[in-house]
Amino acid sequence: MSRVAIVTGGTRGIGEAISLALRDMGYTVAANYAGNAEKAKIFTDETGIPAYQWDVGDHQACLDGCAKVAADLGPIEVVVNNAGITRDGVLMKMSFEDWTDVMRVNLGGCFNMCKATFASMRDRNWGRVVNIGSINGQAGQYGQVNYAAAKSGIHGFTKALAQEGARYGITVNAVAPGYIDTDMVAAVPPQVLEKIVARVPVGRLGHAHEIARGVAFLCSEDAGFVTGSTLSINGGQHMY
Ligand code: NDP
């Protein structure tokens with residue numbers, strides 16, 4: 001029986017590449033998404049990977065969604081917390097909703113998904129959790145106090161949970177991408193993006209599959225001695 005993996009936000013962007021990489025490793029993959037059903041359908045039609053809609057910021061929805069995945073595919077042993085949103089703006093213009101939405105989805109989603117799956121990993125004495133952080137959680141970014149705080153929180157969450165999981169064979173790691181050519185980055189104004197790319201030593205945006213390869217390693221059997229780590233994949237933009 002192959003191990004069952006769930007990838008949040010797993011039907012497009014970086015998450016789609018992660019879903020495919022885990023599938024190629026032999027895992028049985030479920031991909032969660034928020035609401036873009038059209039893209040999710042195309043994804044499932046093309047890959048055969050089932051897609052499950054729920055909001056990772058909703059605690060009960062995560063419990064119910066993971067129970068459904070487990071009933072359909074088997075006990076979940078690999079969780080990739082990839083779903084994320086941005087609601088950018090300088091502090092003076094950022095609404096309270098922009099703050100809470102980003103904290104609820106990006107950081108709250110990690111808590112909710114780990115609550116929903118940790119017992120099943122602990123019961124098997126084996127598990128892999130990978131949380132997708134960000135270069136902007138490590139270095140900060142103008143206009144992103146909400147996103148930087150949530151992503152920075154993910155790095156602390158990762159180190160704390162790694163300590164709790166270690167005795168049960170559960171590793172918990174983070175991957176911190178730099179700027180990757182997905183829809184999220186397409187929303188950045190071109191003149192801002194040009195300045196960002198000028199600061200990347202390798203001189204380009206990253207590709208989703210380059211993040212996925214790192215995630216796949218951390219989810220593999222071989223990575224059992226790696227826990228509480230952050231793998232930065234950012235073209236050298238922030239050497240942390
Ligand atoms: P995209 O915006 O391209 O895709 C986001 C994915 O997350 C979609 O599948 C979306 O679902 C899903 N999602 C959003 N909100 C929720 C929610 N509440 N519940 C469940 N699923 C949700 O993002 P990227 O692929 O660019 O980013 C993936 C991750 O990588 C994010 O955590 C992001 O913060 C992080 N990251 C990205 C970087 C980049 O340069 N792109 C850089 C650093 C970090 P749906 O399709 O239904 O909308």
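Mind checking whether some residue in region 115-132 is of a type in the set (S, T, Y), under 18 Å from the mean Cα position of the chain (by Cα) and closer than 22 Å to R23 by Cα? Checked against the condition, which is being of a type in the set (S, T, Y), under 18 Å from the mean Cα position of the chain (by Cα) and closer than 22 Å to R23 by Cα, region 115-132 yields at least one hit.
To keep it simple, each residue is scored yes or no on (1) farther than 19 Å from A216 by Cβ; (2) part of a strand (DSSP E or B); (3) of a type in the set (F, W, Y).
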| residue | (1), (2), (3) |
| --- | --- |
| A17 | no, no, no |
| L20 | no, no, no |
| V29 | no, yes, no |
| N32 | no, yes, no |
| A40 | yes, no, no |
| F43 | no, no, yes |
| D55 | yes, no, no |
| G65 | yes, no, no |
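For region 4-29, the tally of residues that are among the small types (G, A, S) and more than 13 Å from the ligand (Cβ to nearest atom) stands at 3. Listed by first and then second residue, the pairs with beta-carbon distance under 6 Å, at least 6 apart or on different chains, first residue in region 8-30 and under 22 Å from D55 (Cβ atoms), second away from the ligand (no atom under 13 Å from the Cβ) and basic (K, R), are V29/R23. The residues listed here are K159, K151; of these, the one that is within 15 Å of the chain's Cα centre (by Cα), closer than 17 Å to V215 by Cα and of a type in the set (D, E, K, R) is K151.
Sort out which residues of region 62-82 are in contact (Cβ under 8 Å) with a residue 40 or more places away in the chain, small (G, A, S) and surrounded by fewer than 23 Cβ atoms within 10 Å (Cβ to Cβ), and write them in order of number.
Pass one, region 62-82, residues in contact (Cβ under 8 Å) with a residue 40 or more places away in the chain: 62-63, 65-67, 69-70, 72-82.
The next check asks that each one be small (G, A, S); those that pass are 65, 67, 70, 74.
Across region 62-82, the qualifying residues are A67, A70, G74.
Taking the criterion of being closer than 16 Å to G165 by Cα and either part of a loop (DSSP other than H, G, I, E, B) or in contact with a Leu (Cβ under 9 Å, 6 or more places away or on another chain) (or both), the residues of region 221-240 that qualify are G224, F225, V226, T227, G228, S229.
Scan A216, A212 and give me the residue that is more than 11 Å from the ligand (Cβ to nearest atom), assigned to a helix (DSSP H, G or I), at pLDDT 95 or above and surrounded by 16 or more Cβ atoms within 10 Å (Cβ to Cβ). It would help to see each step written out before you state the result.
On the way: A212 fails: more than 11 Å from the ligand (Cβ to nearest atom).
Every option except A216 fails the conditions.
The values are calculated or read from the model by the stated rules, or taken from the named source; none is laboratory data. Just so it is clear, the structure is predicted and the values come from calculations on it, not from any experiment. Ideal geometry is used to build each Cβ from the backbone, glycine not excepted, and the neighbour counts take in all protein chains shown.
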